[in-house]
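Structure record follows, encoded as structure tokens.
Throughout, read-outs are computed from the coordinates displayed, never taken from laboratory work. Computed from a prediction, not measured in an experiment: that's the story for all the values here. A quick note on method: Cβ atoms are made from the backbone with ideal geometry, for glycine too, and the neighbour counts reach across all protein chains shown.
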There are 2 protein chains.
Amino acid sequence: MTKSTVYRPLCIEDAVQLARNIEGVFSPTASLRCEEIGDGNLNLVFRVYEISKDTTDSALSPRRIIIKQALPYAKVVGESWPLTLDRARIESQALIAQGQLVPHLVPKVYLYNPDLALTVMEDLSDYTIMRAGLMQRNLYPLFAEHIAEFLAKTLFFSSDLGLNQQDKKRNVERFINPELCKITEDLIFDDPYTASPNNNCDAAIEDELKKLSQDCGLQFEVMLLREKFLTQAQALLHGDLHTGSIFITPESTKVIDPEFAYYGPMGFDIGAIIANLILNTISQEHWSADEETRRQYRAYLLQMVRDIWNQFESRFRSLWDNHVVDRMAQTDGYQDTYLTRVLQDSVGYAGCKMIRRIVGLAHVADIDSISDLHVRERAQRTALFIGKSLVNMNRRIQSIDEVITACEHGIAGVQA
Amino acid sequence: MTKSTVYRPLCIEDAVQLARNIEGVFSPTASLRCEEIGDGNLNLVFRVYEISKDTTDSALSPRRIIIKQALPYAKVVGESWPLTLDRARIESQALIAQGQLVPHLVPKVYLYNPDLALTVMEDLSDYTIMRAGLMQRNLYPLFAEHIAEFLAKTLFFSSDLGLNQQDKKRNVERFINPELCKITEDLIFDDPYTASPNNNCDAAIEDELKKLSQDCGLQFEVMLLREKFLTQAQALLHGDLHTGSIFITPESTKVIDPEFAYYGPMGFDIGAIIANLILNTISQEHWSADEETRRQYRAYLLQMVRDIWNQFESRFRSLWDNHVVDRMAQTDGYQDTYLTRVLQDSVGYAGCKMIRRIVGLAHVADIDSISDLHVRERAQRTALFIGKSLVNMNRRIQSIDEVITACEHGIAGVQA
């Protein structure tokens, strides 16, 4: 491939040629193979790997990379609309920024090419997408610790607490991300509360969608959370931290796809991961195991939620005590108040995300894959009940235990 | 002056040449005169005016302009430090943005030259700087109405309420202003609460400075306000809206000098103007009139504070009802909550600004010009008392009347 200053989508041959030029990955004489593995909606994703005499399988090849190229359009609501290629820059810069803080928790970036809107990065095809792993009821004993470290370090060191306030403002500028934020603003904070054509609600629970559009108290809380999302440049967020953005094994965790990265409220990232764990917890109802086994896996997941918050809080406090750069942030009582508000935001955003995953455009496979329509309806109603509870209680929450209790009550109460 | 792509400070001849090339201001054959009238600390300010047979005086000449050129350094704390020329861009773009919303309340901009970091604008030398006007106890019966309109329109239409959320994000990017924000962050939200060499505190009230550094409750509130200043991209602020940034006559008001413009909490601008009116109110104590006359002028100024808030609120609600662009912002109860929080922020920031104008680097002439040291000390202690009260009560405030009462109590109590 000749060097180009004009964007064009890569073909397989282009991808191989580009891969060959990455220093230090492939041996000069290696045979390379390439597959396009993206879903074609937003990005082209090429996996390029070396074939040796021992391996012909991409997942087993010791030398392999991913080339992710943004397409200039998106197919989010069924038809194409133009979508900025600048998201490739944002994703790449966010991956690099995260890589400086938590190199073991994100894929390594080899190259970013702005003209072609592509990033070359470590291939993780021996990992599992966490959503799929949870749907198979795998155990991930290190996940809480890993994601707590990811959250604490990426959020603390990009905020005014851990980064010089002037450098932080230049960072805010770099990560202004209007187009992808609009997707969030519409799909999470608006559509579920009105008769939007974007909504995607099973016929069995249309009464719930109608109730959402009439619940003024809930909408008031959602509006406060929406406002914070629109205005609070607190920390550099991943911006889309659900279990589909996490590659995992029992030993290792890698957070991927930060193209929604921007400066927003910390609780938005924490809430995303909590919401998706709770949604999987609820989905376990359809499992064909005995009630006690199912109860145990649900308890395991809720304990994971508790551990994530507690370990995040503990790490964040430790970073604050040892690395805070704002003299005034050492004011008595401020750290406690700050963390309480981050918890409250996390709970509020978790609730919003649960609601939108049931009635909004993009669902989660955890629940949509339940084939028994009656069980699925129960799971959806439970998710809405818990999601609404979390939104309604967010500004009063003082402890993660209240969240766990709300989930347990929701699961027991509505499904009883 | 030949067109230059390299910055250099203008001389008088350059300024005249540049002025002559502005279309539609001077007649081609006019005799022009030019004076440099800046204080030389931050900017060069040239006034260029036409001399006709009727006028030789700059203020009377019907054709005159100001050329304001940023210098690449500042003399803020006694010695020079480099300061970005980008502030000229920010000032110019802010003036133009304000001019689109409230053309009658800002100087007209004729030209912005980025290479030379200069803005050519309407000359207002027939106006008075409001701080000087208040020190002469002039009456400005239209000021509350004017500034309420300025605040309501510039804040509403730059926020997510009045501007498409994606355009607003591009605006946030354009007005990232780290260097000038740092001046605010240090001088207002940090120095007064510690033993900073930047502080400038009369020996007579050094006990007060010490108390500020030990007042944990106060510092906690200041930290919350500092955090909001650092993170809340709510609206495009003027950023330095004191009575020295306002040109005024009894009939007309012009807001100038928005080089501190950036996206921050609305209350920061409203609080600035309130603080400076209260400081002048307190300073009236030294006036050599009878007590009743002084009391009346103080009451006049406090009524102005009340009118500013009430008229701002009324205008802002009307803009909201008629021009809100965010569907979700129409949620029941949200407008009331929003305005209560803007009031609370305004009160908190007003308190911070009063405190820093007494013990911090930059004082106000209203109080510093009091020659009787005993009277000045009383005025300073009163200002600190009221400033601290406003900070301490800010999150509980529900009505502007509570602010007026706090001021009246402060003036009566401490000075009794």
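Compute the relative contact order of chain B as a whole-number percentage, counting only Cα pairs closer than 8 Å that sit 6 or more residues apart in sequence.
Averaging sequence separation for qualifying contacts and normalising by length gives 16 percent for chain B.
Compute the long axis of helix B:86-101 from its Cα atoms, compare it with the longest principal axis of the Cα atoms of chain B, and write down the angle in degrees, 0 to 90, nearest 10.
Helix B:86-101 sits at roughly 80 degrees to that axis.
Helix A:178-189 versus the longest principal axis of chain A: what is the Cα-based angle in degrees, 0 to 90, to the nearest 10?
Roughly 30 degrees, rounded to the nearest 10.
Where Lys and Arg each count +1 and Asp and Glu each count -1, what net charge lies around B:Glu377 among other residues with Cβ under 13 Å from its Cβ?
-4
Which angle between 0 and 90 degrees, to the nearest 10, do you get for helix A:266-283 versus the longest principal axis of chain A when only C-alpha atoms count?
Approximately 80 degrees, to the nearest ten.
Is there a simple number for the mean count of other chain Cβ atoms within 10 Å of the Cβ of residues in B:224-234, and what is it?
Mean partner-chain Cβ count within 10 Å for B:224-234: 6.
What is the sum of charges, Lys and Arg at +1 and Asp and Glu at -1, for the other residues whose Cβ falls under 14 Å from the Cβ of A:Ala152?
Here the count lands on -3.
Apply the Karplus parameterisation 6.51 cos²θ - 1.76 cosθ + 1.60, with θ equal to phi minus 60°, to every residue of segment B:379-386 and state each ³J(HN,Hα) to the nearest whole Hz, in sequence, with x for glycine and proline.
In residue order, the calculated couplings are 5, 5, 5, 5, 4, 5, 4, 5 Hz.
Using the Kirkwood radius over C-alpha pairs as Rh, can you work out the diffusion coefficient of chain A via Stokes-Einstein at 37 °C, viscosity 0.692 mPa s, in µm² per second?
For the chosen part, D equals 147 µm²/s.
I need the calculated FRET efficiency for the pair B:Ala195 and B:His323, taking r as the beta carbon distance and R₀ as 51 Å, to the nearest 0.05.
Computed FRET efficiency for B:Ala195 and B:His323: 0.60.
Only residues of segment A:197-231 count here: report those whose backbone N is under 12 Å from the spot 7 Å along Cα→Cβ of B:Asp332, or say none.
A:214-220
Report, in listed order, any pair from A:Lys168/B:Lys168; A:Lys108/A:Lys169; A:Lys211/A:Lys254; A:Lys254/B:Lys168; B:Lys68/B:Lys182 with a Cα-Cα distance greater than 29 Å.
A:Lys211/A:Lys254; A:Lys254/B:Lys168
Add -39500 (n - 2.57) for each DSSP H run of 4 or more in chain A, then divide by its residues: what number comes out at 222 nm, to the nearest 500 deg cm²/dmol?
My calculation for chain A gives -16500 deg cm²/dmol from helical runs alone.
Restricting the calculation to Cα positions, tell me the Rg (one decimal) and the Dmax (whole number) of segment B:268-310 in Å.
11.1, 35
Provide the per-residue ³J(HN,Hα) series for segment B:194-206, in order, calculated from phi with Karplus coefficients 6.51, -1.76, 1.60 and θ = phi - 60°, each as a whole number of Hz, with x at glycine and proline positions.
Residue by residue, segment B:194-206 yields 7, 7, 8, x, 6, 5, 9, 10, 4, 4, 4, 10, 5 Hz.
Charges on Cβ only, +1 for Lys and Arg, -1 for Asp and Glu, centred on the Cα centroid of segment B:355-413; of B:Ala412, B:Ala362, B:Thr382, which one is farthest towards the dipole's positive end?
So the residue furthest toward the plus end is B:Ala362.
Compute the distance in nm between two label points, each set 7 Å from the Cα along the Cα-to-Cβ direction, one at B:Gln303 and one at B:Glu13.
According to this spin-label approximation, the distance is 5.7 nm.
Just grab the label-to-label distance for A:Glu292 and B:Trp81, each label 7 Å out from Cα along the Cβ direction, in nm (one decimal).
The two pseudo-label positions are separated by 6.9 nm.
Which whole number in µm²/s is D for segment A:277-391 by Stokes-Einstein, with the Kirkwood Rh taken over Cα pairs at 20 °C and 1.002 mPa s?
132 µm²/s
Provide the net charge surrounding A:Ile358, with neighbours chosen by a C-beta distance below 15 Å and charges set as Lys +1, Arg +1, Asp -1, Glu -1.
For residues surrounding A:Ile358, the net value is -1.
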